[in-house]
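Student: This is the structure I want to talk about, given as structure tokens.
The values are calculated or read from the model by the stated rules, or taken from the named source; none is laboratory data. Values in this document were obtained by computation on a predicted structure and should not be read as measured data. With ideal geometry, Cβ positions are generated from the backbone for all residues, glycine too; neighbour counts draw on all protein chains shown. Heads up: the accessible areas ignore ligands, DNA and RNA and are worked out on the full protein's heavy atoms, side chains in. Shrake-Rupley method; radii C 1.70, N 1.55, O 1.52, S 1.80 Å.
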Amino acid sequence: MKIRSADFRVKQGDKLNLDKWPTAVQPIYESKKQYQKLLRDHVAQLSSLQHLLYASNRYAVLLIFQAMDAAGKDGAIKHVMSGVNPQGCQVFSYRHPSAMELQHDFLWRTTRDLPERGRIGIFNRSYYEEVLIVRVHPEILRGEGIGNGSLDEKTVWQSRYRSILDLESHLHRNGTRIVKFYLHLSKEEQQKRFLQRIDEPEKNWKFNVGDIEERKFWNDYMKAYEECLSATSTREAPWYVVPADDKANARLIVSQIILDTLNGLEMTYPEVNAERRNELQSIRERLINGDLD
């Protein structure tokens with residue numbers, strides 16, 4: 001199966017129904033050995049392109065990962081980005097905001113961590129939590145210390161979507177390319193992975209009782225994701241719905257989408273003018289002759 005990024009992209013203006021988007025597709029690989037080879041090839045290409053991204057110093061890339069618990073965000077980030085120079089890539093994970101962060105607008109804490117030109121930034125969860133978990137649990141909104149006029153649930157979500165769209169449009173105009181992944185996991189597969197975390201001692205540390213409590217709100221989360229992705233997927237900052245029941249497949253799809261994004265950028269290594277080439281040649285000759293020892 002050839003990976004076509006467009007097959008997983010949410011088109012701007014489309015009304016999303018996640019029931020119609022698969023959580024599993026035909027495997028891209030035929031064996032574990034082939035999967036490992038395909039992933040190595042993708043990782044090698046990503047490493048080369050990240051080097052070019054850094055050298056060209058023209059764009060920044062922001063990758064956003066959102067999903068239900070146990071969908072494989074951490075694993076996808078770890079395996080797909082394993083070959084990228086750590087100096088050119090940073091990962092940020094966001095949990096419940098601190099007391100200080102609650103004194104600012106909902107975009108403030110993630111804006112501090114945006115990547116600079118030449119680098120890749122990865123948000124493992126992001127400002128989108130403010131229209132996902134906060135929508136499912138509106139009591140969180142009331143604890144954010146914002147004015148009463150901003151608590152109207154009839155308008156607050158559309159207002160936040162607009163703020164997000166404005167931010168992402170601003171970033172795009174200034175050279176940041178944003179790619180957003182929703183790892184689409186089935187409820188049945190989530191149950192299977194939770195059971196593995198309980199039954200396999202080496203995975204016990206991954207299990208959180210709170211994840212079981214959140215599972216009770218599955219339908220509410222699906223509705224929140226549907227409305228969020230429909231409202232905020234744009235040509236400049238698209239959402240991709242990645243089938244996540246097969247972790248290996250998901251990693252190959254994610255890595256291909258990132259490759260397609262990087263290959264679509266106008267990037268070149270800095271050109272060296274004649275004066276600089278002459279200077280380098282002179283230094284080379286002096287090194288060979290031992291003049292610089």
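Student: Mind checking the per residue accessible area of the chain for me, 1.4 Å probe, whole number of Å²?
Tutor: Values: 16240 Å² over 293 residues.
In whole numbers, the chain has 55 Å² accessible per residue.
Student: Magnitude of the Cβ-charge dipole of the range 1-96, K/R +1 and D/E -1, about the Cα centre, nearest 20 debye?
Tutor: Details: 14 positive and 7 negative charges, 29 e Å.
For the range 1-96, the charge dipole is close to 140 debye.
Student: Counting just the Cα atoms, what span does the range 95-249 cover along each of its three principal axes? Round to the nearest Å and put the largest first.
Tutor: Largest to smallest, the principal-axis extents are 46, 39, 29 Å.
Student: Moving on to the next point. Rounded to the nearest 20 debye, what is the charge dipole size of the range 113-260 about its Cα centre when +1 sits on each Lys and Arg Cβ and -1 on each Asp and Glu Cβ? Don't skip to the answer; put the middle values down first.
Tutor: Working: 23 positive and 25 negative charges, 65 e Å.
Roughly 320 debye, rounded to the nearest 20.
Student: Ranked from highest to lowest mean number of other Cβ atoms within 10 Å per residue, what is the order of the peptides 224-234, 81-91, 251-261? Write out the running numbers ahead of the final one.
Tutor: On the way: 224-234: 20.1, 81-91: 15.1, 251-261: 22.5.
Going from most to least packed, we get 251-261, 224-234, 81-91.
Student: Name the residue farthest towards the positive end of the dipole of the range 145-254 from the options 201, 159, 212, assuming +1 on Cβ of Lys and Arg, -1 on Cβ of Asp and Glu, about the Cα centre.
Tutor: Farthest along the dipole direction, towards plus: 159.
Student: Could you order peptides 272-281, 238-247 by the average number of other Cβ atoms within 10 Å of their residues, highest first? Intermediate values should be presented prior to the final figure.
Tutor: Values: 272-281: 9.9, 238-247: 22.6.
The most tightly packed comes first, giving 238-247, 272-281.
Student: Once amide H atoms are built 1.01 Å from N in the peptide plane, which residues 5 or more positions from residue 178, or in another chain, come under 5 Å H to H?
Tutor: Close amide H contacts, sequence-distant or interchain: 62.
Student: Note down the magnitude of the dipole of the chain about its Cα centre, charges +1 on Lys and Arg C-beta and -1 on Asp and Glu C-beta and zero elsewhere, to the nearest 20 debye. Please report the intermediate quantities before stating the final value.
Tutor: Working: 43 positive and 41 negative charges, 109 e Å.
Around 520 debye, computed over the chain.
Student: Test of the criteria: in the range 149-190, which GluC sites (Glu not before Pro) are in a DSSP loop and have at most 10 other Cβ atoms within 10 angstrom of their Cβ?
Tutor: Values: sites: 153, 168, 188, 189; in loops: 153.
For GluC sites (Glu not before Pro) across the range 149-190 that sit outside H, G, I, E and B with at most 10 neighbouring Cβ atoms in 10 Å, the list reads 153.
Student: Exceeding 25 Å between C-alpha atoms, which entries from my cross-link table qualify? They are 15/187; 33/180; 20/216; 11/32.
Tutor: With Cα atoms farther than 25 Å apart: 33/180; 11/32.
Student: Right, something else. Using +1 at the Cβ of each Lys and Arg and -1 at the Cβ of each Asp and Glu in the range 83-144, identify which of 132, 118, 104 lies farthest towards the dipole's positive end.
Tutor: Checking the options against the dipole of the range 83-144, the answer is 118.
Student: List the trypsin sites (Lys or Arg not before Pro) in the range 132-236 that DSSP assigns to loop (not H, G, I, E or B) and whose Cβ has at most 11 other Cβ atoms within 10 Å. Which are they?
Tutor: Values: sites: 135, 142, 154, 160, 162, 173, 177, 180, 187, 192, 193, 197, 203, 206, 215, 216, 223, 235; in loops: 154, 216, 235.
Qualifying residues, ordered by number: 154, 216, 235.
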